[in-house]
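S.K.: The structure follows.
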Amino acid sequence: MDWEHFHPFTTLHFIALGVCVALPVALAMCSARIRANESARKAGRRFVAIGNCVIWVIACGFWFHPDFFRIDQSLPLQFCNLANLLAAVAVGFRIRLAQSLLYFWTFALCIWAFLTPFLMVGPAHPWFWVFWLYHLFIPLAAAWILSVDQFRPHRRDLLSAVVATTIFTSSLALLNALTGWNYGFVDPGKPGQP
């Protein structure tokens with residue numbers, strides 16, 4: 001196993017992917033017990049909401065470190081950057097728009113971070129661990145709102161998610177067109193990882 005580099009569709013990728021599927025599924029399987037126990041529900045809610053914020057700060061802080069900062073990649077403008085903050089709001093405050101965006105973004109957009117990760121370094125590098133934890137907290141929050149909070153999206157949730165996503169994507173496309181960057185992967189350019 002290559003500890004220095006990450007290569008998609010290898011054993012390491014599938015192990016990381018398996019963990020990132022198993023933990024939200026385990027949360028969903030324990031949801032009835034969590035719902036029945038008020039202290040477990042409060043502790044779990046805090047863990048998922050605050051965990052999303054903490055890992056967001058760590059990940060953004062990593063990219064803002066002078067050794068890694070690149071204006072075209074380091075700003076917290078990717079969908080997953082915003083998804084972590086939405087997850088904290090959706091779980092911590094149960095705001096319906098945040099729940100809707102988290103639901104649709106997790107299963108339509110953020111899933112690509114797991115299937116085709118934009119990751120070059122292996123487990124010997126701290127970013128490998130930050131990357132997977134950072135993205136893991138998104139489906140963990142989605143599992144929480146679906147199984148513990150029992151959120152179910154309606155048509156108006158889809159409509160509000162489409163409108164908000166269109167506004168955000170259009171803003172990223174305009175920024176990318178003006179700068180030549182590729183935030184949100186909505187530029188005609190290709191990401192650095194195949």
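The values are calculated or read from the model by the stated rules, or taken from the named source; none is laboratory data. Everything numeric here is computed off the predicted structure, so don't read it as measured data. Note that we place each Cβ from the backbone using ideal geometry, even for glycine, and neighbour counts take in every protein chain shown. Heavy atoms of the whole protein, side chains included, go into the accessibility calculation; ligands, DNA and RNA do not. Shrake-Rupley method; radii C 1.70, N 1.55, O 1.52, S 1.80 Å.
S.K.: So, for the stretch 14-125, what is the accessible surface per residue at a probe of 1.4 Å, expressed in square angstrom?
M.R.: Result: 53 Å² of accessible area for each residue.
S.K.: Residue by residue, what Karplus-based ³J(HN,Hα) values in Hz, rounded to whole numbers, does the stretch 75-85 have, using 6.51, -1.76 and 1.60 with θ = phi - 60° and x for Gly and Pro?
M.R.: 5, x, 10, 7, 4, 5, 4, 6, 4, 4, 5
S.K.: Okay, moving on. Based on Cβ point charges of +1 for Lys and Arg and -1 for Asp and Glu, what charge dipole magnitude is obtained for the stretch 35-194 about its Cα centre, in debye rounded to the nearest 20?
M.R.: Computed about the Cα centre, the dipole is about 640 debye.
S.K.: Using the Kirkwood radius built from alpha carbon pairs, what does the Stokes-Einstein equation give as D for the chain at 25 °C and 0.890 mPa s, in µm² per second?
M.R.: My calculation gives 140 µm²/s for D.
S.K.: Could you work out the relative contact order of the stretch 50-194? I mean the mean sequence separation of Cα pairs under 8 Å and 6+ apart, divided by the number of residues, in percent.
M.R.: Here the relative contact order equals 28 percent.
S.K.: Give me, ordered by chain and number, the residues 5 or more places off HIS5 or on other chains with an amide H under 5 Å from its own placed amide H.
M.R.: Residues meeting the amide H criterion: GLY122.
S.K.: Could you work out what % of the accessible surface of the chain is carbon and sulfur, using a 1.4 angstrom probe and leaving DNA, RNA and ligands out of the count?
M.R.: 71 percent
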